[in-house]
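K.L.:
Below: one structure in structure tokens.
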Amino acid sequence: MTLNEFIDKFDKQDTIILLEGKRNVVEEDKPKLIELGRLLAATTTKMLFRSGNANGSDAYFSEGVTAVDHKRLQVITPYDGHRKKDNKAYETISLDKINLVSEPNVIEYSKRNKKTKNLIDKYLDGSRNRYTIKASYIIRDTIKAIGTKNIPPTTFGIFYDDLNEPMTGGTGHTMNICKLNNIPYINQEQWFQWL
């Protein structure tokens with residue numbers, strides 16, 4: 001898919017493009033993430049962009065989008081105040097404001113992450129410590145893709161992945177959730193060609 005084909009297909013009202021990826025970004029790739037965020041925001045008018053407000057890829061993509069139009073950036077955070085100083089989004093949705101008990105679909109998909117599966121129930125029961133907080137990140141990653149009853153799902157995902165260890169960690173979890181829910185997505189092997 002070319003950039004023009006992507007824009008023709010997805011620059012529509014209520015389209016949400018997920019821009020996210022690994023925290024560790026290869027030094028020479030950093031400007032490319034900023035450039036893609038800027039390019040997409042400058043050449044489209046209707047699509048909104050969603051991020052998880054993490055260091056690395058999320059921050060670079062967001063920097064590019066907000067350089068053009070911060071009102072088109074939404075972030076979903078694992079808790080209130082998450083990286084508040086660095087948050088450039090117009091709209092921020094925190095897990096602390098979502099009734100997760102009434103979101104069984106989100107919980108079911110979040111538990112597909114084997115590393116945090118057992119922590120999710122503890123987190124939902126109100127336990128907050130350095131271990132259970134990991135569950136909030138995976139739940140946030142799930143919601144970024146499939147949404148909730150009140151948050152629309154992502155329409156398309158654009159990822160910056162670790163090509164040496166693809167589909168791992170939180171980014172891999174989010175990509176997997178997209179795949180399971182037929183949400184199309186690409187990584188830098190495709191979108192680098194747009195620049």
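K.L.:
Can you give me the solvent accessible area of residue 6 with a 1.4 Å probe, rounded to the nearest 10 Å²?
P.N.:
About 0 Å², ignoring ligands and nucleic acids.
K.L.:
If you don't mind, there's one more thing I want to ask. Which whole-Hz ³J(HN,Hα) couplings does region 165-179 yield from phi under the Karplus relation 6.51 cos²θ - 1.76 cosθ + 1.60, θ = phi - 60°, glycine and proline marked x?
P.N.:
Working through the residues one at a time gives 9, x, 6, 10, x, x, 5, x, 4, 4, 4, 5, 5, 4, 4 Hz.
K.L.:
Could you please put 12, 111 in sequence from largest to smallest accessible area, using a 1.4 Å probe?
P.N.:
Working: 12 100, 111 55 Å².
My answer, sorted largest first, is 12, 111.
K.L.:
So who's got an amide H within less than 5 Å of the one on residue 94, skipping anything under 5 residues away but keeping other chains? H placed 1.01 Å off N, in plane.
P.N.:
Correct list: 77.
K.L.:
In addition: When the Karplus curve 6.51 cos²θ - 1.76 cosθ + 1.60 is applied with θ = phi - 60°, which whole-Hz ³J(HN,Hα) does each residue of region 107-116 get, with x for Gly and Pro?
P.N.:
Whole-Hz 3J(HN,Hα) from phi for region 107-116: 5, 4, 5, 5, 6, 6, 7, 4, 5, 10.
K.L.:
Report the residues of region 32-50 in range of a label on residue 13: point 7 Å along Cα→C-beta, backbone N strictly under 13 Å from it.
P.N.:
Hits in region 32-50 for residue 13 at 13 Å: 46-47.
K.L.:
Report the label-to-label distance for residue 71 and residue 23 in nanometres (one decimal), using points 7 Å from each Cα along the Cα→Cβ vector.
P.N.:
With each label point 7 Å from Cα toward Cβ, the separation is 3.4 nm.
K.L.:
Which is farthest toward the positive dipole end of region 102-195 among 163, 181, 194, measuring Cα position about the Cα centre, with Cβ charges +1 (Lys, Arg) and -1 (Asp, Glu)?
P.N.:
Sorting the options by dipole projection puts first 181.
K.L.:
I would also like to ask the following. How many percent of the alpha carbon pairs in region 46-195 exceed a separation of 19 Å?
P.N.:
Working: 5829 of 11175 pairs.
Counting pairs separated by more than 19 Å, the tail of P(r) holds 52 percent.
K.L.:
Kindly report the accessible area of the chain per residue (heavy atoms of protein chains, probe 1.4 Å, no ligands, DNA or RNA), in Å². Working shown, then result.
P.N.:
Details: 9920 Å² over 195 residues.
On a per-residue basis, the chain sits at 51 Å².
K.L.:
Can I ask one more? Tell me, how many Å apart are the Cα centres for region 30-63 and for region 143-160?
P.N.:
Cα centres, region 30-63 to region 143-160: 15 Å.
K.L.:
Could you work out what % of the accessible surface of region 1-159 is carbon and sulfur, using a 1.4 angstrom probe and leaving DNA, RNA and ligands out of the count? Walk me through the numbers on the way to the answer.
P.N.:
Details: 3850 of 8070 Å².
The computed percentage sits at 48.
K.L.:
Residue by residue, what Karplus-based ³J(HN,Hα) values in Hz, rounded to whole numbers, does region 64-80 have, using 6.51, -1.76 and 1.60 with θ = phi - 60° and x for Gly and Pro?
P.N.:
x, 4, 6, 5, 9, 7, 5, 6, 9, 10, 10, 10, 10, 10, x, 6, 4
K.L.:
Another one. Can you report the principal axis dimensions of region 63-144 using only the alpha carbons, biggest first, rounded to whole angstrom?
P.N.:
Cα extents, longest axis first: 41, 24, 22 Å.
K.L.:
Separate question: Taking the Cβ-Cβ separation of residue 121 and residue 180 as r and a Förster radius of 25 Å, what is the calculated FRET efficiency to the nearest 0.05? Before the final figure, lay out each step's value.
P.N.:
On the way: r = 21 Å, r/R0 = 0.83.
So the FRET efficiency works out to roughly 0.75.
The values are calculated or read from the model by the stated rules, or taken from the named source; none is laboratory data. All values derive from a computational prediction rather than experimental measurement. Every residue, glycine as well, gets a Cβ built from its backbone with ideal geometry; the counts of neighbours run over all protein chains shown. Please note that ligands, DNA and RNA were not included when accessible areas were found on the heavy atoms of the full protein model with its side chains. Shrake-Rupley method; radii C 1.70, N 1.55, O 1.52, S 1.80 Å.
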